[in-house]
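The values are calculated or read from the model by the stated rules, or taken from the named source; none is laboratory data. Keep in mind the model is a prediction, meaning the values are calculated, not measured. Here the Cβ is made from the backbone with ideal geometry for all residues, glycine too, and neighbour counts use every protein chain on show.
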Amino acid sequence: MALSAGQPDALREELLVRAPATARRPRHSATLRQEAWLAYGLLTPTLLVIVFLVAYPFASAIYLSLQDKMVGAPGRFVALDNYLDLLRDEVFLRTAWNSVLYTAVAIALKFVLGLTMALVLDQERRVNNFFRTLLFVPWAVPVVIVALNWRWIFDDLSGLLNNFLITFHLTSDIISWLSDPRLAMGCVIAVVVWSGTPFYSMTFLAGLQAIPKELYEAAEIDGASVVQQFFFVTVPRLRTIFLTTVMLSTIWTATNLQFVLILTRGGPASRTEIFPHLAYTTALGARRLGMGAAVSLVFFPLLVVLIVVLTRRMLRQADE
Amino acid sequence: MPRTRSGSRRLLKWIGNVLLVLLLVWTLVPFYWMIVTSLKPDREIYGFEATLYPHQPTLAGYARVFTTTPFLKYVRNSAIIAGANTLASLLFGCLGAYALARLRFPGRALIARGLVVSYLVPPALLFIPLFAVLSVLRLIDTHQGLILTYFSFSVPFSTWLLMGYFHSVPLELEEAALVDGCGRLGTLFRIILPMSLPALAVVAFFAFTQSWNEFLYANVFVNSVEVRTITTGLTLFIVEDVFFWGPMMGAAFLSALPPLVVYLIFQRWVVKGLTLGAVKG
């Protein structure tokens, strides 16, 4: 692109603006091919990660689940035997029910609490930024630390909860929060909710703040009450965010085994056993890799639906 | 009519304030218990004599963390792994995102789709086969093994987030640079990256905190003290039901600090990253 200094500025500018298009036209396919090679070159690390660390392991999980492979020993192909065995297993059936209950209740509570938090933080108030920072802090704390900290709060003899209840004479008996079959699941869910609520409030608050104030003013002039404004202005505007947040969170909540692993190890009597943790203990505790893979894949069909819908949404969002 | 309206407004304000206080208590009490426990002498921690606040605050618990446990070794390992992963995510993310945002090639849409799916596939599904893969590659119990497997969540996410951001950088500047003889990579490093600092900060934040906080892979793929990271190291403080909660809470508090500090620094940008559809919760 040689531009001699003598050319008038107008022409020079015109050449610059149109240059990429005009320069490309004569060797269209050659440039395109070059561009494609450059693109593949730049994407090589990312593609290697997707293929070898996600796609291949996933495919091999399916294959593993069709074998009776143990850790350190070759496996034999057993077709669907692992899955059929699971369906006859009492612990498995209890786990299925627990997983549904755990996920549904945790998501519902996180949603309600997260929305409350977002609405409260959206009100006008001095030093709101400071309160927001404080309320979102659990999100930044590693889940392991959250779980260990709560296990200590729930401790029978010395934990904060019993300590508090006894000091203020609210109970005279020691409550075994994590080893009482009726209480354990509730406690696990409470911890999951504590840790996961800020994610909901963050996304909801971002959505709330994007709603133009004029909409509320208009609704007010039309005589809409605060409750009506919430249901007819706020909720419709947040619907997309609600859906995306709940779907993302369902994937993460349903497959997170850290809380159960640290708080209860699935006990007492499998009352808090959920799929990811059962897969973990089967594969690594009992060293049955094939069966463990089968357990982890049982909940996958449900996740597929979420993943497909979410992928479509996120790609559409990126195009806008 | 106007009076009732302003009345209901005031009522709403008060309900909001009460809820705010309750939410703050719910959120902050666990932190209170963690920090207070770490500052108590043992006799105030255990049994019915346990106190709700430290009567004789002491740093002895912290001293025990540093003198009797491999805490510093765990921290070092976490720092190495999270640091390496952050750098690699930034580099791979920038290169891949530039290709997806600016270049024309067959398979672009497919690769974009692959990124999102990879990001959404949960680790609970991958840890069993990855364990088999790492065993074959003899990467069990190595830093490299963990760094490599952490790529599976950090690289797709970084690439995706940066791709979205690069799309929003105006084309005109770049075209001018291209015409001036700045190559493709030249425009990436001289024009786009300097304009994308907030996005790079967000990517670095997520890559670092996710690697620092990761537990499942670290727990399954590593056994030796020499490689163990802080998250799995902490669980070893529970030795066959003999707890020493004072030092444990001290160590827990210290290891939560790095992600907390970066959160406080980056929080303005983090929410933006979240709305791009990010991060576990």
Among the residues of the stretch B:161-188, the number that are among the β-branched types (Val, Ile, Thr) and more than 10 Å from chain A (Cβ to nearest Cβ) is 2
B:Met163: passes all of (1) surrounded by 22 or more Cβ atoms within 10 Å (Cβ to Cβ); (2) in contact with a strand residue (DSSP E or B) (Cβ under 8 Å, 6 or more places away or on another chain) but (2)
Given the conditions (1) more than 24 Å from A:Val144 (Cα to Cα); (2) within 11 Å of chain B (Cβ to nearest Cβ); (3) modelled with pLDDT under 90; (4) surrounded by fewer than 22 Cβ atoms within 10 Å (Cβ to Cβ), which single one is not true for A:Leu284?
(1)
If we scan the stretch A:218-240, do we find a residue that is at the interface with chain B (Cβ under 9 Å from one of its Cβ atoms), of a type in the set (S, T, N, Q) and buried (at least 23 other Cβ atoms within 10 Å of the Cβ)?
no
Mind listing whichever residues of the stretch B:185-217 are surrounded by fewer than 21 Cβ atoms within 10 Å (Cβ to Cβ) and in contact (Cβ under 8 Å) with a residue 40 or more places away in the chain?
B:Leu193, B:Pro198, B:Leu200, B:Ala201, B:Ala204
Quick check, is A:Ile274 more than 18 Å from A:Leu64 (Cα to Cα) and either polar (S, T, N, Q) or surrounded by 24 or more Cβ atoms within 10 Å (Cβ to Cβ) (or both)?
yes
Does B:Leu146 satisfy the criteria of being more than 9 Å from every other protein chain (Cβ to nearest Cβ), farther than 22 Å from A:Trp37 by Cα and buried (at least 22 other Cβ atoms within 10 Å of the Cβ)?
yes
Kindly check whether there is at least one residue in the stretch B:93-101 that is farther than 23 Å from B:Gly145 by Cα, more than 7 Å from chain A (Cβ to nearest Cβ) and in a loop (DSSP other than H, G, I, E, B).
no
A:Ala206 being modelled with pLDDT under 90, in a helix (DSSP H, G or I) and either under 14 Å from A:Lys110 (Cα atoms) or of a type in the set (A, V, I, L, M, F, W, C) (or both):
yes
Going by the conditions given, is A:Leu135 out of contact with any Phe, Trp or Tyr (no Cβ under 7 Å at 6 or more places or on another chain) and within 11 Å of another protein chain (Cβ to nearest Cβ)?
yes
Does B:Tyr98 fit the bill of being of a type in the set (Ser, Thr, Tyr), under 19 Å from the mean Cα position of the chain (by Cα) and surrounded by 22 or more Cβ atoms within 10 Å (Cβ to Cβ)?
no
Hey, B:Leu72 hits all of (1) within 19 Å of A:Leu157 (Cα to Cα); (2) among the hydrophobic types (A, V, I, L, M, F, W, C); (3) without any contact (Cβ under 8 Å) to a residue 60 or more places away in the chain but one; which does it fall short on?
(1)
Test result for A:Arg316, assigned to a helix (DSSP H, G or I) and without any contact (Cβ under 8 Å) to a residue 40 or more places away in the chain
yes
So which helices (runs of 4 or more DSSP H) stay within the stretch A:225-271 end to end and still have 2 or more residues that are modelled with pLDDT under 90 and farther than 18 Å from A:Phe111 by Cβ?
A:226-229
Looking for whichever is surrounded by fewer than 13 Cβ atoms within 10 Å (Cβ to Cβ), modelled with pLDDT of 80 or more and assigned to a helix (DSSP H, G or I) here; the options are A:Ala30, A:Ala36, A:Ala59. Which one fits?
A:Ala59
Single residue of A:Ile166, A:Ile175 found to be assigned to a loop (DSSP other than H, G, I, E, B), out of contact with any Asp or Glu (no Cβ under 7 Å at 6 or more places or on another chain) and under 17 Å from B:Gly47 (Cβ atoms)
A:Ile175
Qualifying position, being in contact with a Cys (Cβ under 7 Å, 6 or more places away or on another chain), touching a residue at least 12 places away in the same chain (Cβ under 8 Å), more than 9 Å from chain B (Cβ to nearest Cβ) and buried (at least 16 other Cβ atoms within 10 Å of the Cβ), among A:Leu161, A:Leu115, A:Leu178, A:Leu109:
A:Leu178
